[in-house]
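Read the structure below first, then the notes.
The values are calculated or read from the model by the stated rules, or taken from the named source; none is laboratory data. Because the structure is a prediction, the values reported are computed rather than measured. With ideal geometry, Cβ positions are generated from the backbone for all residues, glycine too; neighbour counts draw on all protein chains shown. Accessible surface areas use protein heavy atoms only, side chains included; no ligands, DNA or RNA. Shrake-Rupley method; radii C 1.70, N 1.55, O 1.52, S 1.80 Å.
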Amino acid sequence: MKIIEKIKNLASTILWGIVKFFLFILSIPFMIVFLPAKYFWRKKFENKYAGFLSINHGKNFFCYNNRNNSKTYIEENIIPKLANTIEIVYLNGKEIESDYNIEFISKSLYKLKTYNRFPHLMKIRNGKLIDKSINNQFYNVLNMSKSKTELLNEIHLFFED
């Protein structure tokens, strides 16, 4: 009885291997077409993104999310005190709300180098994205009653060229 089970297991393993092999062979033409196309789509997007960074030289962005204990405070106490030259990027869950191209803002957020939760600052200078997390400073203001003026000064200093 054990021999029959072993033969069945071996036959099923061989059959499954043959099916996988043929599926792999059948997928090769799709990979030959899709992989180069994906590469060119990515390159095209990267070029458009570089153009976005170039066109938006000098732009400043204040990014925050919908975290319950901070959203209201930011909207009532921080955003009204920001300079008019600072653009707002709001992350409502996974959805980005911005006046700029959502794909490019999403790429910018994905490429943050100093990400340490939100709120976060981004500026575009000379075709490059420069970022800074102000999460720690913000929560010191929110939870420990630190000076809001110091936080606002730090924000304004970051955006100065």
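Among the residues in the stretch 109-125, are any touching a Phe, Trp or Tyr at 6+ places or on another chain (Cβ under 6 Å) and open to solvent by 30 Å² or more (accessible area, probe 1.4 Å)? The answer is no, given that none of the residues of the stretch 109-125 is touching a Phe, Trp or Tyr at 6+ places or on another chain (Cβ under 6 Å) and open to solvent by 30 Å² or more (accessible area, probe 1.4 Å). Does Thr149 meet the test of being free of Cβ contacts under 8 Å to residues at least 40 places away in the same chain and open to solvent by 30 Å² or more (accessible area, probe 1.4 Å)? When the stated conditions are applied, Thr149 passes them. Check whether at least one residue in the stretch 18-41 is surrounded by 10 or more Cβ atoms within 10 Å (Cβ to Cβ), modelled with pLDDT of 90 or more, under 20 Å from Ile155 (Cα atoms) and among the basic types (Lys, Arg), and report yes or no. Checked the stretch 18-41: no residue is surrounded by 10 or more Cβ atoms within 10 Å (Cβ to Cβ), modelled with pLDDT of 90 or more, under 20 Å from Ile155 (Cα atoms) and among the basic types (Lys, Arg). Looking across the stretch 1-16, the residues that are surrounded by fewer than 10 Cβ atoms within 10 Å (Cβ to Cβ), assigned to a helix (DSSP H, G or I), at pLDDT below 85 and not basic (Lys, Arg) come down to Ile3, Ile4.
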